[in-house]
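What follows is a set of notes on a single structure, which appears directly below.
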Amino acid sequence: MERPLHAVVVTVVVRDEEGRLLLIRHPLRGWEFPQGHVEHGEDLFEAVGREVLEESGYEVEAERLLAVFSKIGPLPSSVVFGFSARLKGGEATTSEESLEVGWFDEGLVCDLVEHPVNRDRIKKLLAQQAGVGYFSYRMSPFALIRTEEI
């Protein structure tokens, strides 16, 4: 039996002291929350801090798991852990993965995000008030398969 391979990813909701949301503009996907693959030997909380720092220049501390997303085919399948994080400091810095970094009012965020999967994920993360949401979806075309509250 061949073992299935899944990418493990974190995506992070960060608000500043005015309640605005941190977005980065990825060169291929456009505006989105900071996100990226968990590295070998790294725990999820460490990945949250590293990814936000690498993509935005801001230091954060993971606070709460908001949701888990399962991307089911086509390869690579992935499991995405969505966290909220507390802003600790830093300043906007771009990278190869972030052409721009900005803080935006919540009402504008979904208008800026063009990628359908990221737009749906952002809506679900922002709506998650209590518990942890679980969502599974397929790509090409995007289709939500399951929604659960755990």
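Read-outs throughout are calculated quantities, based only on the coordinates presented, and are distinct from any laboratory measurement. Bear in mind that the values here come from a model prediction, so they are computed numbers and not experimental data. We place every Cβ from the backbone using ideal geometry, glycine too, and count neighbours over all the protein chains shown.
Give me the extension gain from V79 to K123: residue separation times 0.36 nm, minus the current Cα-Cα distance, reported in nm with one decimal.
This chain segment gains 14.1 nm when fully extended.
By how many degrees, 0 to 90 and rounded to 10, does the Cα axis of helix 116-127 deviate from the longest principal axis of the chain?
70 degrees
What Kirkwood hydrodynamic radius do you get for the range 39-93 when you take the inverse of the mean 1/r over all pairs of distinct Cα atoms, in Å?
Value: 12.3 Å, from the Cα pair sum.
For the range 6-149, what is the relative contact order in percent, using Cα pairs closer than 8 Å and at least 6 residues apart in sequence?
Relative CO of the range 6-149 lands at 28 percent.
Taking H placed 1.01 Å from N in the peptide plane, check which residues at least 5 places from E63 or on another chain put their amide H under 5 Å from its amide H.
S84, A85, R86
Which is the longest stretch in the chain that no exposed loop site breaks, taking sites as GluC sites (Glu not before Pro) with a DSSP loop state and at most 12 other Cβ atoms within 10 Å? Write down the numbers at each step before the final one.
Values: sites that count: E2, E17, E18, E39, E91, E96, E114.
Of all site-free stretches, the longest is 40-90.
Apply the Karplus curve 6.51 cos²θ - 1.76 cosθ + 1.60, θ = phi - 60°, to the phi angles in the range 57-69 and return the couplings in whole Hz, x for Gly and Pro.
x, 9, 8, 9, 10, 4, 10, 8, 6, 9, 7, 10, 10
For every other residue with a beta carbon closer than 10 angstrom to the beta carbon of R20, add +1 if it is Lys or Arg and -1 if Asp or Glu, then tell me the sum.
After counting each charged neighbour, the total is -4.
Label I72 and E96 with points 7 Å out from Cα along Cα→Cβ: what is the distance between them in nm?
Output for this residue pair reads 3.4 nm.
Suppose every Lys and Arg Cβ carries +1 and every Asp and Glu Cβ carries -1, with no other charges. What dipole size does the chain come out with about its Cα centre, to the nearest 20 debye?
720 debye
Anyone know which of D111, D16, D120 comes out most mobile in the 10 Å Cα GNM of the chain?
For the chain, modelled as a Gaussian network with Cα springs under 10 Å, the answer is D111.
Can you pull the Kirkwood radius for the chain, inverse mean 1/r over Cα pairs, to one decimal in Å?
15.6 Å
Starting at the first residue of the range 75-86, write each ³J(HN,Hα) from the Karplus equation 6.51 cos²θ - 1.76 cosθ + 1.60 with θ = phi - 60°, in whole Hz, x for Gly and Pro.
Values, residue by residue: 4, x, 5, 8, 10, 10, 9, x, 10, 9, 9, 8 Hz.
Among DSSP beta bridges whose residues both lie in the chain, state the antiparallel percentage, nearest 5.
In the chain, approximately 65 percent of DSSP beta bridges are antiparallel ones.
Starting from the Cα-Cα distance between S136 and V8, subtract it from 0.36 nm times their residue separation and give me the gain in nm to one decimal.
44.7 nm
Show that you can apply the helix-only estimate: for the chain, add -39,500 (n - 2.57) for every DSSP H stretch of four or more residues, divide by all residues, and state [θ] at 222 nm to the nearest 500.
The helix-only estimate for the chain comes to -6500 deg cm²/dmol at 222 nm.
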